[in-house]
1. Looking at the stretch 7-61 only, could you name the residues that are among the small types (Gly, Ala, Ser) and either touching a Leu at 6+ places or on another chain (Cβ under 7 Å) or buried (at least 20 other Cβ atoms within 10 Å of the Cβ) (or both)?
2. Kindly establish whether Ile89 is over 15 Å from Leu105 (Cβ atoms) and β-branched (Val, Ile, Thr).
3. Given the residues Pro20, Pro88, Pro78, which is the only one that is in contact with a strand residue (DSSP E or B) (Cβ under 9 Å, 6 or more places away or on another chain) and in a helix (DSSP H, G or I)?
4. Would you be able to say whether some residue in the stretch 49-56 is touching a residue at least 40 places away in the same chain (Cβ under 8 Å) and of a type outside the set (Ser, Thr, Tyr)?
5. Between Gly72, Gly47, Gly15, which is more than 15 Å from Asn104 (Cβ to Cβ) and over 14 Å from the mean Cα position of the chain (by Cα)?
6. Quick one: Ser13 ticks every box in (1) in a loop (DSSP other than H, G, I, E, B); (2) touching a Gly at 6+ places or on another chain (Cβ under 6 Å) except a single one, so which number is it?
7. Tell me, please, whether a residue that is within 28 Å of Lys6 (Cα to Cα) and polar (S, T, N, Q) can be found in the stretch 77-92.
Amino acid sequence: MNILAKLEMSENSTGEDLEPIAIALYGIIGLPITMRSKNHKGVRIEGSKVVDYNYTGEYLEESLKTGKVIHGFAKSGPYKNMPVIVSPIKNKAGKTIAVVGAVNLSGYIDLARF
């Protein structure tokens, strides 16, 4: 029996739907990861674990609206005054359906190049 496993992401993905992708990204870079879809709040990962399934943040919201990569320092929430980078995730038609962010706790992501 050949079973094809796949992950799908849409503008209606929930935090639970986005969890496997966010955990994988955390595993690659080791920094807190946040993700949400256009129509649902999302997931926040720290220490390889989900700490919130109903998360959003100001830069996640901005990236959803503009469809652009956002760099800045969080003004509120659990990452207040920390540098964050958020990128849109677009479908084949170029429509932003979700966003993903990383919190630059270690300072090793070069924000100056942006």
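Read the figures in this text as sums done on the coordinates, not as results from a lab. All values derive from a computational prediction rather than experimental measurement. Here the Cβ is made from the backbone with ideal geometry for all residues, glycine too, and neighbour counts use every protein chain on show.
1. If the condition is that a residue be among the small types (Gly, Ala, Ser) and either touching a Leu at 6+ places or on another chain (Cβ under 7 Å) or buried (at least 20 other Cβ atoms within 10 Å of the Cβ) (or both), then Ser13, Gly15, Ala22, Ser37, Gly42, Gly57 are the ones that fit.
2. yes
3. Pro78
4. There is no residue in the stretch 49-56 that is touching a residue at least 40 places away in the same chain (Cβ under 8 Å) and of a type outside the set (Ser, Thr, Tyr).
5. Answer to the selection: Gly47.
6. Unmet for Ser13, out of (1) in a loop (DSSP other than H, G, I, E, B); (2) touching a Gly at 6+ places or on another chain (Cβ under 6 Å): (2).
7. yes
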